[in-house]
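Asker: Below is the structure I would like to discuss, written out as structure tokens.
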Amino acid sequence: MKITELIQQPEGRRVEFKETLPTVSDLAKTIVAFANDAGGDLFIGIKNEPREITGISEDEVMLLEEQISNLIHDHCYPVIIPEISFHGMEGRRFIKVRIYRGSNLPYYLKSKGKQAGTYIRVGSSNRQADSEIIDSLERQRRNISFDSEPVYDKSLTDISLEPFQVFFREKTGETLTDAVMRKLELLKDFQGSPLPTNAYVLFSDSSVKQELFPYAKIECARFKGRSSHEFIDQKTVADNIAFQAEAAYSFVLRHINKGASVNGVYTESRWEYPVVAIREALRNAVVHRDYSLSGKDIKVAIYDDMLEITSPGQLLPSIDFNEMDSRQSDIRNKVIAPVFKKLGIIDQWGNGLKLIADELKEYPEIEFKWFERGLQFQVQFLKKDYKPDGDARMMVENAGDQFGVKSGPSWDQVRTKLGLSREQVRLMLIACEKPMMIQELMIAMGWKHRSKFREKYVTPLLEENVLAMTIPHKPTSSRQQYCLTEKGRQLLADIRKRS
């Protein structure tokens, strides 16, 4: 980025402006915070509010360069080497001090020591790091991720992995043996015995997961209006992390609208939000959140005018959401991410942001924003033309009738045969708009008993030709999925029209 563009940037994680040389303490905190995080530029001789180049006198420039170098050398540890340059604009001179992300983490103030003198960059301020953050920085130095660390004080017999093992076999066709789990680093050997890693616990459904990671969950809420004062619906998704994104996605689909718009003589279905982008954002939130941060969960909030997803952990330093079209890849959780890729939950490396960017191009009425709020990362999908006095989200469900399109089966025609409520059928049909495995459907519907779920939901819908199998000649195939028939799509349209 050119210097003229840099000095127009707002103060934040990577940029800070000072009219004069700050105090020794403030300067050292900023320098170690930049080195511990994504690096950054400190400008001296530029006032922040209002942004103005106040400048440094010619005879001070060279003196300040030496002073800054000495201050960094004397007060910061390990060694940080700044890149200091001089610039002129509007007849005034200023200094840019560039600090690169360090490799010998954590960096701290010599006078305070590691525990009290380590600082990180949070927004436009420097925050003293607590023990969790210091541990995280040390793991980064050793190129170790939190999810790969062994859990020494828990026995494998205390941790149930059965639902995930079934899901893994359905998705990959492989059995999750001890050998496979060692290869995936879900298990690690210690003194001749296998130990679970943090990732193993996170993929489990056990009291150990609740004990060690009570906040490894997603809180979903649909609010009334544009504020969080009144709930319409809420759900806590606390399953093992392999199932969380799809369960949250099902919650989102229940609370956003899909309608029909007329294009020539054709009727086209379309969600009010870019659901592929939202699904990808939810998956990213689960895969890339910082599980080492206690007391923080993922939050999905739906308002009349906006959908918002907040995930614990700052954006990784190498990822730039301003360049979403480029394929970017970085991994915080080095065990969880490859497992998700093997399961097909995430796409090839670096493709997620591009998927979001591509679908957003098809939704010019939706504005996409992202923020780093403290130690959390947040994305928002906002309706540009939201009108509080009208329901701008609703589209014409029965537009096809204007052109004599033959209507499908009505709810009144099939409900007595199905033995399910309209809401139960609606949720199942929404879930099956894309092919889904039975385990995924059970999660979406909140069921745990497979045979009863099949008897109550799947079999009646198959018999009524509302659902179909993707592998009909092998009903018991481990890769079997269920999808809507044309009759099912027409029935869903009728149910939506009546809702």
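The values are calculated or read from the model by the stated rules, or taken from the named source; none is laboratory data. All values reported here derive from a predicted model rather than from experimental measurement. We place every Cβ from the backbone using ideal geometry, glycine too, and count neighbours over all the protein chains shown.
Asker: Considering the range 456-499 alone, what residues qualify as being surrounded by 15 or more Cβ atoms within 10 Å (Cβ to Cβ), assigned to a loop (DSSP other than H, G, I, E, B) and not hydrophobic (A, V, I, L, M, F, W, C)?
Answerer: 464, 480, 481, 485
Asker: Give me the residue from the range 470-495 that is modelled with pLDDT under 85 and under 30 Å from the mean Cα position of the chain (by Cα) and, out of that set, farthest from residue 175 (Cα to Cα).
Answerer: 479
Asker: Taking the range 163-187, which residues are among the aliphatic types (A, V, I, L, M) and under 19 Å from residue 197 (Cα atoms)?
Answerer: 176, 179, 180, 181, 184, 186, 187, listed by residue number.
Asker: Of all residues in the range 277-322, count the ones that are modelled with pLDDT under 90 and of a type in the set (Gly, Ala, Ser).
Answerer: 3
Asker: If you take the residues of the range 62-101 that are touching a Gly at 6+ places or on another chain (Cβ under 7 Å) and farther than 27 Å from residue 138 by Cα, which of them is surrounded by the most Cβ atoms within 10 Å (Cβ to Cβ)?
Answerer: Filtering first and then ranking leaves 94.
Asker: Anything in the range 141-167 that is in contact with a Ser or Thr (Cβ under 8 Å, 6 or more places away or on another chain) and among the aromatic types (Phe, Trp, Tyr)? List them, or say none.
Answerer: If the condition is that a residue be in contact with a Ser or Thr (Cβ under 8 Å, 6 or more places away or on another chain) and among the aromatic types (Phe, Trp, Tyr), then 146, 164 are the ones that fit.
Asker: While we're looking at this one, here's another question. Kindly indicate the residue of the range 188-209 that is part of a strand (DSSP E or B) and under 16 Å from residue 333 (Cβ atoms) and also nearest to the chain's Cα centre (by Cα) among those meeting that condition.
Answerer: Here the residue is 197.
Asker: Still on this structure, please answer the following. Which of the residues belonging to the range 195-233 are in contact (Cβ under 8 Å) with a residue 24 or more places away in the chain and of a type in the set (Asp, Glu)?
Answerer: Within the range 195-233, 205, 219 meet the criteria.
Asker: Here is a further query. Are any residues in the range 145-171 touching a residue at least 24 places away in the same chain (Cβ under 8 Å), outside any helix (DSSP H, G or I) and under 19 Å from residue 185 (Cβ atoms), and if so, which ones?
Answerer: 145, 149, 150, 151, 152, 154, 159, 161
Asker: Looking only at the range 110-127, count how many residues are surrounded by fewer than 17 Cβ atoms within 10 Å (Cβ to Cβ) and either farther than 30 Å from residue 27 by Cβ or not charged (D, E, K, R) (or both).
Answerer: Here the count works out to 7.
Asker: List pairs: first in the range 108-125 and over 25 Å from residue 377 (Cα atoms), second among the charged types (D, E, K, R) and not in a loop (DSSP other than H, G, I, E, B), Cβ under 8 Å, 6+ apart or cross-chain?
Answerer: Hits for this filter: 109/29; 110/74.
Asker: A further question on this structure: Taking residue 236 and the conditions (1) surrounded by fewer than 21 Cβ atoms within 10 Å (Cβ to Cβ); (2) in contact with a Cys (Cβ under 7 Å, 6 or more places away or on another chain); (3) not basic (Lys, Arg), which numbered condition does it fall short on, given that it satisfies the others?
Answerer: (2)
Asker: Something else: Checking residue 84 against (1) within 39 Å of the chain's Cα centre (by Cα); (2) part of a helix (DSSP H, G or I), which test does it fail?
Answerer: (2)
Asker: A further question follows. All but one of (1) within 23 Å of residue 292 (Cα to Cα); (2) in contact with a Lys or Arg (Cβ under 7 Å, 6 or more places away or on another chain) hold for residue 87; which doesn't?
Answerer: Residue 87 satisfies every listed condition except (1).
Asker: When you look at residue 104, is it surrounded by fewer than 20 Cβ atoms within 10 Å (Cβ to Cβ), under 30 Å from residue 200 (Cβ atoms) and under 34 Å from the mean Cα position of the chain (by Cα), yes or no?
Answerer: Spelling it out, it is not the case that residue 104 is surrounded by fewer than 20 Cβ atoms within 10 Å (Cβ to Cβ), under 30 Å from residue 200 (Cβ atoms) and under 34 Å from the mean Cα position of the chain (by Cα).
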